[in-house]
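Chemist: Have a look at the structure that comes next, please.
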Amino acid sequence: MWLHAVQIYQKLVHDAPEAWKYRVRLGMIYLEMGNLVAAEQLLLQALRLDPHNADVLYTLGMASYQSNELDRALFYLRELAGKDIAKVHYLIGLVYWKRLDYVSAERHFRIAFDLEDGNVDTALALGEACLRNGNFADAVEVLGRAVTLAPTDNVVSYVYAQALIHTEAFDEAEIVLRGLITRAAEHSDAMHALAGVLMRLRRYDDAEQLLKSMLTQESDQARILIMLGRLALVRAQREKAEEYFRRVLEIDPQHQEALEQLRYFIPHVHPSS
């Protein structure tokens, strides 16, 4: 009942123009409604009433972030960066992530995580930043904590499995991925990751069986055929690999990896022949 809430807070703002908190609450309602212009206008009015108010600055940062005004978001949030407020550092991390500054994003996600290590979203964000920055052992530690907090969250489980793969903990990754697939059989990324893990464990028959079962279930046939081609190459089955890569080109004649595989891994075969 957003419109009803707007009417109530508009009256409160009118009756108590000096009370910044009513403007903040009304601004947050406008944010929920997607009216960023009205939200920012109200919040700037509240900021004039209390220039250093943390709630106002945070909400202005959120409004700017949601409108993709990232420099403006940082302008407001930097005034709060010295404070131990988990949600502030989490939001700053999101802004830096959107700016592709993953090092700064990780730094602020870590501060937020240290302040509130029971927050799954923060743990997941920090884990993903660690992965992006190549800090794989840290990612395993943080995401392991996230899995403990949310053992049935499919996103958390998948990202945790990715961290385990990067640290070559393939047995553990298999356990996590199989648990995820049990909960969400349609999770194709998890199926692909599991096939890759089985290949790294040299369980080639299991990997091939899984990939062939996926051919009957998944629409992205080229992706599976590429993996089957790679598997055939690992097993020194050149003719079978060629067959799979050619089947990829039947689906997508410009598929770069299939063309490269045929050109370089099987030199006697020309992609155009």
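The values are calculated or read from the model by the stated rules, or taken from the named source; none is laboratory data. What you see is a predicted model, and the numbers here were worked out from it, not measured in a lab. Cβ: placed from backbone, ideal geometry, glycine included. Neighbour counts: every protein chain shown.
Chemist: Determine which single condition Glu239 fails, assuming it passes every other condition in (1) crowded, with 16+ Cβ neighbours inside 10 Å; (2) not assigned by TED's automatic domain parsing to the domain that holds Val155.
Modeler: (1)
Chemist: Quick one: Ala137 ticks every box in (1) touching a Ser or Thr at 6+ places or on another chain (Cβ under 8 Å); (2) more than 29 Å from Leu47 (Cβ to Cβ); (3) surrounded by 16 or more Cβ atoms within 10 Å (Cβ to Cβ) except a single one, so which number is it?
Modeler: Ala137 satisfies every listed condition except (3).
Chemist: Look through region 76-94, keep the residues that are part of a helix (DSSP H, G or I) and of a type in the set (Val, Ile, Thr), and return whichever of them is nearest to Phe136 (Cα to Cα). Talk me through it step by step, then tell me what you get.
Modeler: Of region 76-94, the ones part of a helix (DSSP H, G or I) are 76-80, 86-94.
Subset that is of a type in the set (Val, Ile, Thr): 88, 92.
Details: Val88: 25, Ile92: 22 Å.
Among residues in region 76-94 that are part of a helix (DSSP H, G or I) and of a type in the set (Val, Ile, Thr), the one nearest to Phe136 (Cα to Cα) is Ile92.
Rundown of residues vs (1) over 27 Å from Ala258 (Cα atoms); (2) in the same structural domain as Ala258 (by TED's automatic domain parsing); (3) surrounded by fewer than 17 Cβ atoms within 10 Å (Cβ to Cβ), yes/no style:
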site: Cys130; (1), (2), (3): yes, no, no
site: Val142; (1), (2), (3): yes, no, no
site: Val155; (1), (2), (3): yes, no, yes
site: Glu186; (1), (2), (3): no, no, yes
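Chemist: Right, another one. Would you mention how many residues in region 120-164 are among the small types (Gly, Ala, Ser) and touching a Cys at 6+ places or on another chain (Cβ under 9 Å)?
Modeler: We begin by selecting, within region 120-164, every residue among the small types (Gly, Ala, Ser); these are 123, 125, 127, 129, 134, 137, 139, 144, 146, 150, 157, 161, 163.
Adding the requirement that they be touching a Cys at 6+ places or on another chain (Cβ under 9 Å) leaves 137, 139, 163.
So the answer is 3.
Chemist: Could you please let me know if Leu60 is free of Cβ contacts under 8 Å to residues at least 24 places away in the same chain, under 21 Å from Ala129 (Cβ atoms) and in contact with a helix residue (DSSP H, G or I) (Cβ under 9 Å, 6 or more places away or on another chain)?
Modeler: Values: free of Cβ contacts under 8 Å to residues at least 24 places away in the same chain: yes; under 21 Å from Ala129 (Cβ atoms): no; in contact with a helix residue (DSSP H, G or I) (Cβ under 9 Å, 6 or more places away or on another chain): yes.
Judged against the criteria, Leu60 is not a match.
Chemist: Scan region 95-114 and give yes if some residue there is modelled with pLDDT of 95 or more, in a loop (DSSP other than H, G, I, E, B) and buried (at least 16 other Cβ atoms within 10 Å of the Cβ), otherwise no.
Modeler: At the first step, the residues of region 95-114 found to be modelled with pLDDT of 95 or more are 95-114.
Of the ones still in play, those that are also in a loop (DSSP other than H, G, I, E, B) are 99-101.
If we keep only those that are buried (at least 16 other Cβ atoms within 10 Å of the Cβ) too, we end up with none.
For region 95-114, residues modelled with pLDDT of 95 or more, in a loop (DSSP other than H, G, I, E, B) and buried (at least 16 other Cβ atoms within 10 Å of the Cβ): absent.
Chemist: Could you list, in sequence order, all residues of region 197-225 that are at pLDDT 95 or above, surrounded by fewer than 19 Cβ atoms within 10 Å (Cβ to Cβ) and within 25 Å of the chain's Cα centre (by Cα)?
Modeler: Arg200, the sole residue that qualifies.
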